[in-house]
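Bear in mind that the values in this text are calculations on the coordinates, not laboratory data. Here the structure is a predicted model, which means the values were calculated and not measured. In this analysis, Cβ positions are derived from the backbone assuming ideal geometry, glycine residues included, and neighbour counts consider all displayed protein chains.
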Amino acid sequence: QPSASAVPNPNISIEVEDVDTVHAKAVALGLPIIYPLTNETWGVRRFFVADPNGVVINVMSHRQ
């Protein structure tokens, strides 16, 4: 798990039903993953991706 100081600040968050599927699709498309798929201690699983304009998007799901 990355250190807190290394975590970029997302500009927007999007909650999805299945973050693993969305992550796999983002990787397959070659999108820049700037924070790896991570289970956070507060009950979410997420990753960050950057859009072509450099906007950082937090893609996440609540863990069951």
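The table that follows gives values for the structure above.
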quantity: Around Arg45: net Lys/Arg minus Asp/Glu count, Cβ-Cβ under 14 Å; calculated: -3
quantity: Where GluC sites (Glu not before Pro) fall in DSSP loop in the chain, at most 16 other Cβ within 10 Å; calculated: Glu17, Glu40
quantity: Summed residue charge, Cβ within 15 Å of Asp20's Cβ, Lys/Arg positive, Asp/Glu negative; calculated: 0
quantity: Spacing of the two label points (7 Å from each Cα toward its C-beta) at Ile33 and Val7, in nm; calculated: 1.7 nm
quantity: Listed residues His62, Thr41, Ala26: farthest to the positive end of the dipole of the chain (Cβ charges); calculated: Thr41
quantity: Estimated dipole of the chain in Debye, rounded to 20 [Cβ of Lys and Arg +1, of Asp and Glu -1, Cα centre]; calculated: 120 debye
